[in-house]
1. For the Cα atoms of the chain, what angle does the longest principal axis make with the long axis of helix 283-303, in degrees from 0 to 90, nearest 10?
2. If you average the alpha carbon positions of the range 233-310 and of the range 77-149, how far apart do those two centres end up, in angstrom?
3. Going by average Cβ neighbours within 10 Å, how do the peptides 158-165, 71-78 rank, with the highest at the top?
4. Packing-wise, with mean Cβ within 10 Å as the measure, how do 323-329, 288-294 rank, highest first?
5. Kindly rank 54-67, 9-22, 116-129 from highest to lowest mean number of other beta carbons found within 10 Å of each residue.
6. Using a simple charge model, +1 on the beta-carbon of Lys and Arg, -1 on the beta-carbon of Asp and Glu, nothing else, what dipole does the range 1-84 show about its Cα centre, in debye to the nearest 20?
7. Count charges around Asn164 for me, please; just the other residues with Cβ under 14 Å from its Cβ, Lys/Arg as +1, Asp/Glu as -1.
8. Taking amide H positions as placed 1.01 Å from N in the peptide plane, with prolines and chain starts having none, which residues 5 or more places from Glu216, or on another chain, fall under 5 Å of its amide H?
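Any read-out appearing in this document is the output of simple, stated calculations on the displayed coordinates, not a laboratory observation. Small disclaimer: the values here were computed from a predicted structure and weren't measured. Glycine gets a Cβ as well: all are built from the backbone with ideal geometry, and neighbour counts include every protein chain shown.
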Amino acid sequence: MSASLPGNRDLPSSQYDLKTYWGRVRHSIDLSDPRTLFTSSTGLEHAKDLIAQYKQSKIPQMTPELWNAKKIVDSTLHPDNGEPVLLPFRMSCFVFSNLVVTAGMLTPGLSTAGTVGWQVANQSLNVAINFSNANKSTPLSTSTIVQSYFMAVGASCGVAVGLNSIVPRLKSLSPAARTTLGRLVPFAAVASAGVLNVFLMRGEEIRQGINVYPTETEAQRKKREEADQQLEPIGKSKKAATLAVGETAVSRVLNATPIMVLPPLILVRLQQKDWLKQRPRLVLPLNLGLIFATSIFALPLALAAFPQRQAVSAKSLEKEFWDKGGEDGQLEFNRGI
């Protein structure tokens, strides 16, 4: 993101108030805007150059062109290392990357092999997204990635296959209720494995800690910029890492809930209509359309649940940080996505 570009003058975090939920929603809409995927390498370099000029005080104030440049950079580059996130795993591509596997998991009447296959595909995508967007101050080893992948795949497949075998046996329920529950099995599998996936993939952050920074007052920030100094981390906190990973796991469940719950429930109702019974070929495009429409709205709402650049009281972290807080005794860290 823009923080990784040269220059010691900080850009405003956002056009919107990130202390409010709806401000973060509007900011998340920018981060997940699919139009940024069409930015060429030349366009990205131009955006980076504009931001660098601002950070080096060659451009005096933010302009609409600079805000657009920041949007491109923030949606393309990782905030810790400044490297482009591989296109399919950016938040701006999430709706499209997730569409096919979600439609596969929500296909009515899947066989056991189909259920397992789509759960494997979904967890493969989750691992790639988690790895690509994790906090990079604590690198992941290959063995950790492989272990996390297979445990998440095992969990999702176990939940999906297990529930698919249990639901038909619930004879006390009506056929309609069993059908509805059956359609919600993929959600249970995705939610449980998604949480496990995040904790496994980012477990090293919890074990080693992530970088924390003092929160600056406006005067302190200007003084640092005038001295041409970078904001340096004051250490690594395991408690900050636990909070960051936990909030990310919650946001994944919040994102999965409407996407994995609303389309199958709506489709169940639509399949009871005569017009759809007479046109079974419309089931797949309807399923895709429902998932796409839900994803477009759900993603920014879920991403905004917690701030990405988060400030917490130094007293809530390890004792070594208690007397190192910045403005209002707070420290900041990058939560990751």
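1. That works out to roughly 30 degrees.
2. Taking the Cα centre of each part, the range 233-310 and the range 77-149 sit 14 Å apart.
3. Taking the mean over residues of other Cβ atoms within 10 Å, the ranking is 71-78, 158-165.
4. 288-294, 323-329
5. 116-129, 9-22, 54-67
6. Using Cβ point charges on Lys, Arg, Asp and Glu, the range 1-84 gives about 220 debye.
7. Summing Lys and Arg as +1 and Asp and Glu as -1 gives +3.
8. So Glu216 has HN proximity to Glu327.
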